[in-house]
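*Asks:* I have a structure here, written as structure tokens, and I will follow up with some questions on it.
The values are calculated or read from the model by the stated rules, or taken from the named source; none is laboratory data. If you're wondering where the values come from, they're calculated on a predicted model, not measured in any experiment. Virtual Cβ from ideal backbone geometry, glycine too; neighbours counted across all protein chains shown. Note: areas computed on protein heavy atoms with side chains; ligands, DNA, RNA excluded. Shrake-Rupley method; radii C 1.70, N 1.55, O 1.52, S 1.80 Å.
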Amino acid sequence: MLVSTKWLAEYVNTQGLDPKDLGEKITRSGIEVDAVIDRTQGMTNVVVGYVKECVKHPEADKLNICQVDVGEETTQIICGAPNVAEGQKVIVARPGAVLPGGIKIKKAKLRGEESNGMICSLQELGIEGRLVPKAYAEGIYVLPETAVPGESALPLLGLDDTILELGLTPNRSDALSMLGVAYEVGAILSEDMKYPEATYTESDEKASDYLSLRVDAIEENPMYVAKVVKNVQIKESPLWLQHRLMAAGVRPHNNVVDITNYVLMEYGQPLHAFDYDRLETKELVIRLANEGEKIVTLDDQERTLKSNNLVITNGKEPVAIAGVMGGANSEVHDGTTTVAIESAYFAGGSVRQTSKDQNLRSDASARFEKGVDPNRVILAAERAASLLAELAGGEVLAGSVVVDELDKTPVEVVVSPDFINNRLGMKISLEDMTSILTRLKFDHQAANGYLYINAPTRRQDIKIPEDIVEEIARMYGYDEIPMTLPVEESKPGGLTSYQAKRRQVRAYLEGAGLYQAITYSLTSKEMSQKFALETAPVTELLMPMSEERSTLRQSLIPHLLDAVSYNTARQADTVALYEVGSVFLGETESGLPHEQEHLAAVIAGKWVDHSWQGEKKAVDFFVLKGIIEGLMELLGHSKELTFERAVVEGLHPGRTASIKLAGEGIGLIGQLHPSEQKVRDLKDTYVVELNLAKVLNKEVEALYYAPVSKFPSITRDIALVVDSEKAAGELQAIIQLSGGRLLKAVHLFDLYEGEKMEPGKKSVAFSLTYFDPERTLTDEEVVNAHNKVLKALAEQAGAELRG
Amino acid sequence: MEAQLQQLKEEALQKIEASQNVKELNDVRVAYLGKKGPITDLLKGMGKLPAEERPKMGALVNVVREEVTEVLEARMTLLQEQAIQAQLEKESLDVTLPGRPVKTGNHHPLTRVVEEIEDLFISMGYEIAEGPEVEKDYYNFEALNLPKGHPARDMQDSFYISEDILLRTHTSPVQARTMEAKEGKPIKIICPGKVYRRDNDDATHSHQFTQIEGLVIGENIRMSDLKGTLSVFAKKMFGEDREIRLRPSFFPFTEPSVEMDISCFKCGGSGCNVCKKTGWIEILGAGMVHPNVLEMAGYDSKKLSGFAFGMGPERIAMLKYGVEDIRHFYTNDVRFLSQFHRTEV
Ligand SMILES: [Zn+2]
């Protein structure tokens, strides 16, 4: 809402407050002033001129040489506007003038002819092109004949004004009108209101003789008022009205349309003017549209109506979409002589639905949607009638045609001063409270410890005691509220064990060298199931903004890979990222997808880069595996952790494993498939994804200390020759199972495949640690245990000792 | 024999002097003082001397031996010192060479902000509550006093999955769910999480972003408690000398509703580009829980009251760290992420 402070001052005394200070007061007490706009924009030396003579430039077709009376002298100005003509009163920027944007006007010569200034369009004075009346949109603006040459043009155009731009919250639709804002400002400044006048002489003829009215959809349209005005003369509105409309962000058209818009801005009540004669039938019937029914609206669009769209008809066909936009067939035009003015109350929900269906929003629909003041429907119709009489020479027919089943009783709110003070933590006196209610013009009474308040119908946001708490508090001032802390039973706060573990997981991964990434949950349908740990239906948006973000992800890996590509394309040597986030597995009984918290990580590029000491290493499978092993150790699951070769689409078939805890799958790890790497223009990239929720929710044995032994351990190394395909993990498992109680640790320390080996064979070396916490082991005991291991290896894995 | 002894001594001393390192000197020791050395030989050869000369000669040999030994030891100490010195010199490092890097990652800046806020409220007795990102319309809107057709739903254009299911547009449904689960008992929670709105991504909008909200419900919770709590938050988060101010606002789930500004942490209130010359920075929205919200969750709004507040970690991170474009948080550019490595206390 754009509020001209000059216009506002017609309804409430703003005490000569600087508009900035006024804006600040309004902001602090309830309605945010987003901007304070000075309409002069620093303009100077812009005056009224009279074009005494206008001839074509001999050297340039499109230029005119004008002799312009600017009060103190007559001066020559070259003007290129197509509409400049002798006898016009125009806006002249004199040499030395400054226009918006800091443009300075100087004397100049155009094709050999002197030009002492510039004849201006409204755009050149900083008015948006969309607000300039169509007649002047492509040229200079022509002032009324009454303008006096030499006088400043700014007051004439209402540009000596400051606009407050209000950022209205949905509850304060009452401030979508100048009067509404005036009530608010009056309450803030403790000033009284001046209301607009609506006086006119009624003709002898009755409106009801001209027009009949029927409402067939009373729920959508509980109140409809139409007035008829005869003998109107369609012309330009007076300048004051035009510039007020432009200040409010509305383009002037002609006097009748402008009056309806003016009253809309003044009262917040949308009006519509029909060309009475073009209605043809002398009747108005308001009903729901027939499905598929058509209407051409004022913007020349043909619109197909739905059966829940409310329309105004002439009894045969629609002439307006109720509360949204009029029809072209009944539009007021230059030849209109009789108009029917509609002032109605259309239900907010109905207008919102229609506006949405037709994808059409207007100043009118915005106000109906939020609910207009039931008590202004008639007032606004009368104000419009009086302006039509005054500014269009109209003859207002007696009375109105009315259907009115609208409940206009104010909402009663009963609240005790104690309740207000308890809610606020304050001690505001009853006198202060009633004084605030008086300033707000809320009808109220204090009796037996309660305040009985009739909320004015313009304030539809006031319904319950808490609303009064807010009104009192904002007018009293939020700065006056003391600062306390909740008094309650004191309980320790904290994280759940899951949340605490999740934080430790993050810290661990970061310590291991990974940065935390956050990527989008929405992805393309194609990507949504890629790398998913389990198969589940996808969850798709009804109306995605793009295919790229149409479906909820089932794996974190695809977006992390995007991040790797992004960073690699920007010369990053190493990309090491992890993410903790939800994946969405549709559908469950509740209808919501199952949200599972996952952990994923990606690594690419160099892992160790300390080249001057000869340490350099690219990422590989075992870097990432080591990080996961470390993580499981941190979480107490090392003993249950296993990796098994697996095949996953999009991953390298020979370098992929499923990760299991106690045999149960919890994730996958692997290298991105070389062909995928190629598509993404990546070097070797490794990925891992875990069902974090499953891991963190898994039971862990209590941490219990084992005494540190005084006895030494004995280590035996073995080098085994086995078939190349034999997995090291299998050998390790055989060793662990066969080693007996004395075998405390097995550690793979060497792997050799190559020339020195027989083809198809490899050598794997383990270091085995034997140890008894109770005593020093004898050689014999170790040999016994060790022989069992060797025997098992030979029998179960065909392993031979390497000679 | 005496002359022979004198000559040996001279020779030995010369060789000692000539030794350049420990090994050479040891060779001299072995050569002259060892069991097979000439001095020992002399002692052995004393048997040939007349008996009365033996004691005198013996004494003389010992004196020479001691003298040589003494000089040798002194030389030895010197050479050893020199050897250590040489070794140290050889082992000297260019200490300005770079160390072996310990590469660690770090929190995403949003997590950094969220955890800082979480920890602050945990210290005031709050718990962290979480909930689903795909929500029922009921919890996202209706339970929060936003019935179907409410004008404020316009403010939150949403990603719907079906007529009744959508991506949550705020973390408030977690409040609604917590209230329902607590069945009328007091509540003190912080709810962080991802939220989604149907916006085109640009410098100030993101279709996915983060929110963190707080909710306190109890007997006689007052607006002054909200103001006091927010003041503690502002000071901890933005500096001890921060002041706060409340401005009236509107949220469907609170009444009264306010927005909180803090005095600008950059200019202290005199006006700068961070605060757009106003001296104040808008940080969060808050209010007293709307009675409809309490009643819908089964709380008696006559007996219990509460406050709620909510803010955007993106906005806080942007203000605190001067980040100019919200998309940086979701691009995961390592050059961006790695700047949030160091501690700040
Ligand atoms: Zn500042």
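*Asks:* Can you find, among B:PRO55, B:GLN20, B:LEU88, the residue farthest towards the positive end of the dipole of segment B:2-91? Put +1 on the C-beta of Lys and Arg, -1 on that of Asp and Glu.
*Replies:* B:PRO55
*Asks:* In Å³ and rounded to a whole number, note down the convex hull volume per residue for the Cα atoms of segment B:2-91. Show your work: numbers first, answer last.
*Replies:* Numbers: hull volume 6.4 nm³, N = 90.
For segment B:2-91, the hull spanned by Cα atoms encloses 71 Å³ per residue.
*Asks:* Same structure again: Quick one: dipole size for chain A, taken about the Cα centre, charges +1 on Lys/Arg Cβ and -1 on Asp/Glu Cβ, in debye to the nearest 20. Each step should come with its number before you reach the end.
*Replies:* Details: 84 positive and 119 negative charges, 471 e Å.
Its charge dipole is roughly 2260 debye.
*Asks:* How big is segment A:1-72 by the Kirkwood estimate over distinct Cα pairs, in Å?
*Replies:* Working: mean 1/r = 0.0609 Å⁻¹.
About 16.4 Å for segment A:1-72.
*Asks:* Over segment A:714-801, what is the mean sequence separation of C-alpha contacts under 8 Å (at least six apart), divided by residue count, expressed as relative contact order in percent?
*Replies:* After rounding, I find 43 percent.
*Asks:* Which whole-Hz ³J(HN,Hα) couplings does segment A:621-637 yield from phi under the Karplus relation 6.51 cos²θ - 1.76 cosθ + 1.60, θ = phi - 60°, glycine and proline marked x?
*Replies:* Once rounded to whole Hz, the list reads 3, 6, 4, 5, 4, x, 5, 5, 4, x, 5, 5, 5, 4, 8, x, 10.
*Asks:* Hey, another quick one. Given contacts defined as C-alpha pairs under 8 Å and at least six residues apart, what's the relative contact order of chain B, whole-number percent?
*Replies:* Details: 508 pairs, mean separation 50.3, N = 345.
Relative CO of chain B lands at 15 percent.
*Asks:* Let me ask you something else. Using +1 on the beta carbon of Lys and Arg, -1 on that of Asp and Glu, and nothing else charged, what's the dipole of segment A:469-567 about the Cα centre, debye to 20?
*Replies:* Numbers: 10 positive and 13 negative charges, 129 e Å.
Roughly 620 debye for segment A:469-567.
*Asks:* Shifting gears a bit: Quick check: pseudo-label points 7 Å beyond the Cα along Cα→Cβ at B:GLN20 and A:GLU10, how many nm apart are they?
*Replies:* 11.3
*Asks:* Let me ask you something else. How big is the gap, in Å, between the Cα center of segment A:125-198 and the Cα center of segment A:680-712?
*Replies:* Using only Cα atoms, the two centres lie 69 Å from each other.
*Asks:* Separate question: Cross-link candidates for A:LYS408: which lysines have Cα within less than 25 Å, leaving aside residues fewer than 8 places away along the same chain?
*Replies:* Reachable lysines: A:LYS194, A:LYS227, A:LYS370, A:LYS441, A:LYS463, B:LYS148.
*Asks:* What Cys residues in chain B are without a partner cysteine, judged by a Cβ distance under 4.7 Å?
*Replies:* Lone cysteines by the Cβ rule: B:CYS191.
*Asks:* Scan around A:HIS652 for amide H atoms under 5 Å from its own, H built in the peptide plane at 1.01 Å from N, and keep only partners 5 or more places away or cross-chain.
*Replies:* So A:HIS652 has HN proximity to A:GLN671, A:LEU672, A:HIS673.
*Asks:* Can you give the net charge of the other residues whose Cβ lies under 14 Å from the Cβ of A:VAL722, counting K and R as +1 and D and E as -1? Walk me through the numbers before you get to the answer.
*Replies:* Values: positive: A:LYS726, A:LYS761, A:LYS762, A:ARG802; negative: A:ASP723, A:GLU725, A:GLU730, A:ASP750, A:GLU753, A:GLU758, A:GLU795, A:GLU800.
Summing Lys and Arg as +1 and Asp and Glu as -1 gives -4.
*Asks:* Further question on the same structure: Of A:SER611, A:LEU585, A:GLN516, which is farthest along the charge dipole of segment A:497-697 in the positive direction, counting Lys and Arg as +1 and Asp and Glu as -1 at C-beta?
*Replies:* A:SER611
*Asks:* OK, next. Averaged over A:491-498, how many beta carbons belonging to a partner chain fall within 10 Å of each residue's beta carbon?
*Replies:* Numbers: counts 5, 5, 13, 6, 5, 4, 0, 2.
Counting Cβ atoms of other protein chains within 10 Å of each residue's Cβ and averaging gives 5.
*Asks:* Tell me, what HN-Hα J-couplings in whole Hz come from the Karplus equation 6.51 cos²θ - 1.76 cosθ + 1.60 at θ = phi - 60° for each residue of segment A:566-578, using x for Gly and Pro?
*Replies:* 4, 6, 5, 5, 10, 6, 5, 6, 10, 10, 9, 10, 9
*Asks:* If you don't mind, there's one more thing I want to ask. Per-residue HN-Hα couplings for segment A:213-228, Karplus 6.51 cos²θ - 1.76 cosθ + 1.60 at θ = phi - 60°, whole Hz, x for Gly and Pro?
*Replies:* Per residue, the Karplus-derived 3J(HN,Hα) values read 9, 9, 10, 9, 9, 5, 5, 7, 9, x, 8, 9, 10, 10, 10, 10 Hz.
*Asks:* With N denoting the number of residues in segment B:109-340, provide Rg(C-alpha) divided by 2.2 N^0.38 Å, to two decimal places.
*Replies:* On the way: Rg = 17.5 Å, N = 232, 2.2 N^0.38 = 17.4 Å.
Scaled against compact globular proteins, the figure is 1.00.
*Asks:* Ok, one more. In units of 2.2 N^0.38 Å, what is the alpha-carbon radius of gyration of segment A:102-149? All intermediate terms of the calculation are to be shown ahead of the outcome.
*Replies:* On the way: Rg = 13.1 Å, N = 48, 2.2 N^0.38 = 9.6 Å.
Rg over 2.2 N^0.38 Å, computed on Cα atoms: 1.37.
*Asks:* Hey, which aspartates and glutamates would be in cross-link range of B:LYS56, C-alpha to C-alpha under 17 Å, not counting anything within fewer than 8 residues on its own chain?
*Replies:* B:GLU2, B:ASP41, B:GLU66, B:GLU67
*Asks:* On a 0 to 90° scale, report how tilted helix A:377-392 is relative to the longest principal axis of chain A, with both axes built from alpha carbons and the result rounded to the nearest 10.
*Replies:* Helix A:377-392 and the main axis of chain A meet at about 50 degrees.
*Asks:* Here's something else I'd like to know. Calculate, for A:ALA85 and B:VAL274, the FRET efficiency according to 1/(1 + (r/R0)^6) with r their C-beta to C-beta distance and R0 56 Å; round to the nearest 0.05.
*Replies:* Details: r = 53 Å, r/R0 = 0.95.
Efficiency for this residue pair is about 0.60.
*Asks:* List the pair-distance distribution P(r) of segment B:87-140, using every Cα-Cα distance, as the percent of pairs falling in each 10 Å bin from 0 up to the bin containing the longest distance, rounded to whole percents.
*Replies:* Histogram of Cα-Cα distances, whole percents per bin: 16, 20, 22, 13, 12, 10, 5, 2.
*Asks:* In percent, what relative contact order does chain A have, based on Cα pairs under 8 Å that are 6 or more apart in sequence? If you can, show how the numbers build up before the last one.
*Replies:* Working: 1614 pairs, mean separation 65.7, N = 803.
Relative contact order for chain A comes out at 8 percent.
*Asks:* Scaled to the compact-protein estimate 2.2 N^0.38 Å, what is the alpha-carbon radius of gyration of segment A:714-801, rounded to two decimal places?
*Replies:* Working: Rg = 13.3 Å, N = 88, 2.2 N^0.38 = 12.1 Å.
Cα Rg divided by the expected 2.2 N^0.38 Å: 1.11.
*Asks:* Can I ask one more? Once the other residues with Cβ under 15 Å from the Cβ of B:LYS185 are scored (Lys, Arg +1; Asp, Glu -1), what is the net sum? The partial results should precede the final answer.
*Replies:* Numbers: positive: A:LYS491, B:ARG177, B:LYS182, B:LYS188, B:LYS303; negative: A:GLU488, A:GLU489, B:GLU127, B:GLU180, B:GLU183, B:GLU219, B:ASP300.
Result for the local shell: -2.
*Asks:* On the protein heavy atoms, probe 1.4 angstrom, tell me the percent of accessible surface of the protein assembly as shown carried by carbon and sulfur. Mind showing how you got there, number by number?
*Replies:* Values: 26030 of 52820 Å².
C and S fraction of accessible area: 49 percent.
*Asks:* Would you work out which of A:ALA601, A:PRO482, B:GLN6 lies farthest towards the positive end of the dipole of the protein assembly as shown? Charges go on Cβ: Lys and Arg +1, Asp and Glu -1.
*Replies:* Projecting each Cα onto the dipole axis, the largest value belongs to B:GLN6.
*Asks:* If Lys and Arg each add +1 and Asp and Glu each add -1, what is the summed charge of the other residues whose beta carbon sits under 15 Å from the beta carbon of A:LYS316?
*Replies:* Numbers: positive: A:ARG214, A:ARG278, A:LYS282, A:ARG287, A:LYS294; negative: A:ASP216, A:GLU280, A:GLU283, A:GLU293, A:GLU317.
Local net charge: 0.
*Asks:* Can you give me the convex hull volume of the Cα atoms of the protein assembly as shown, divided per residue and expressed in Å³? Don't skip to the answer; put the middle values down first.
*Replies:* On the way: hull volume 379.3 nm³, N = 1148.
Measuring per residue, one finds 330 Å³ for the Cα hull of the protein assembly as shown.
*Asks:* Over segment A:27-144, what per residue volume does the convex hull of the Cα atoms give, in whole Å³? Display every interim value, and only then the final one.
*Replies:* Working: hull volume 15.4 nm³, N = 118.
Per residue, the Cα convex hull of segment A:27-144 comes to 131 Å³.
*Asks:* A further question follows. Quick one: putting +1 on the C-beta of Lys and Arg, -1 on the C-beta of Asp and Glu, what dipole do you get for segment A:105-197 around its Cα centre, in Debye to the nearest 20?
*Replies:* Details: 8 positive and 15 negative charges, 107 e Å.
Around 520 debye, computed over segment A:105-197.
*Asks:* At a probe of 1.4 Å, how much accessible area disappears from chains A and B on forming the pair, both sides counted, to the nearest 100 Å²?
*Replies:* Details: alone 40360 and 19840 Å², together 52820 Å².
Approximately 7400 Å² gets buried when A meets B.
*Asks:* Lysines near A:LYS756 by alpha-carbon distance under 20 Å, same-chain residues fewer than 8 away left out - which ones?
*Replies:* Of all the lysines, those that pass the test against A:LYS756 - Cα under 20 Å, at least 8 places apart if same chain - are A:LYS726.
*Asks:* Also, I was wondering about something else. Helix B:223-238 versus the longest principal axis of chain B: what is the Cα-based angle in degrees, 0 to 90, to the nearest 10?
*Replies:* Orientation of helix B:223-238: about 30 degrees from the principal axis.
*Asks:* Okay, next question. Can you give the accessible area per residue of the protein assembly as shown, in Å², using a 1.4 Å probe? Provide the component values of the computation, followed by the final result.
*Replies:* Working: 52820 Å² over 1148 residues.
Per-residue value: 46 Å².
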